[in-house]
Amino acid sequence: MRPDVEELIDAVLDEADCIDDLIDTMREQRGAMRWRDTEAVNSLMDETRNLSFEAQSQEKYRSDVAAKFAQKHSCQPIASSLASVMDKDEQDEFNGAVDRLTQSVFVLKSEMMILTGLIDQHEQYTSMLLSEWRRLNGDIVSQSGGADFRG
């Protein structure tokens with residue numbers, strides 16, 4: 001296998017590995033939230049942030065390697081065009097790496113949607129609790145002889 005093809009495949013797989021680590025950490029964070037382990041949630045949030053930065057760096061590196069490869073081989077820096085200038089064996093390995101990265105990105109998006117849904121649900125629940133607390137607190141004040149200015 002040519003060194004530039006190998007470098008490109010490695011860059012794609014490294015990014016997929018990083019995204020998979022991020023997915024695992026997000027799932028751990030969700031579990032820690034379920035068990036109300038605040039210390040673990042905070043620690044995992046820091047780890048998630050660090051992995052996000054690392055994933056962005058890996059994406060930039062992969063993009064740079066793809067652009068360099070495309071320029072060298074007079075093609076576009078998109079997977080189908082990059083693969084078109086590779087030998088059959090190189091294409092197979094490259095396409096497998098691209099499929100893995102695509103799947104990792106898909107799973108990451110799913111995890112992000114789940115986490116966003118949980119945050120929205122938590123926000124609604126908190127709002128309902130605060131509203132009920134205020135209502136009950138108002139009833140307690142009015143029953144204890146305080147002035148009730150409600151209409």
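The values are calculated or read from the model by the stated rules, or taken from the named source; none is laboratory data. Bear in mind the structure is a predicted one, so any value in this text is a computation, not a measurement. Note that we place each Cβ from the backbone using ideal geometry, even for glycine, and neighbour counts take in every protein chain shown. The area values use the complete protein model at the heavy-atom level, side chains included, leaving out ligands, DNA and RNA. Shrake-Rupley method; radii C 1.70, N 1.55, O 1.52, S 1.80 Å.
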Residues of the chain: accessible area per residue at 1.4 Å, in Å²?
69 Å²
Which translational diffusion coefficient, to the nearest whole µm²/s, is obtained for the stretch 44-114 from the Stokes-Einstein equation, given a Kirkwood hydrodynamic radius over C-alpha pairs, 25 °C and 0.890 mPa s?
178 µm²/s
Counting Lys and Arg as +1 and Asp and Glu as -1, what is the net charge of the other residues whose Cβ lies under 9 Å from the Cβ of D4?
+1
Within the chain, helix-based [θ] at 222 nm, where runs of 4 or more DSSP H residues each add -39,500 (n - 2.57), nearest 500:
-31000 deg cm²/dmol
For V85, V41, V5, give the ranking by accessible area with the largest first, probe 1.4 Å.
V85, V41, V5
Computed over the Cα atoms of the stretch 9-151, what is the convex hull's projected area averaged over all directions, in nm²?
13.3 nm²
Give me a comma-separated list of calculated 3J(HN,Hα) values for the stretch 73-79, in order, Karplus coefficients 6.51, -1.76, 1.60 applied at θ = phi - 60°, integers in Hz, x for any Gly or Pro.
9, 6, 9, 8, x, 10, 3
In vacuo Debye scattering of the stretch 1-71, one point per C-alpha: log10 I(q)/I(0) at q = 0.21, 0.23 Å⁻¹?
-0.81, -0.90
Among N50, N95, N137, the residue with the largest mean-square fluctuation in a Gaussian network model of the chain built from Cα contacts under 10 Å is N137
Subtract the Cα-Cα distance of R135 and Q103 from 0.36 nm times their separation in residues, and report this length gain in nm to one decimal.
6.7 nm
Charge context of D89, other residues only, Cβ under 13 angstrom, K/R +1, D/E -1:
-3
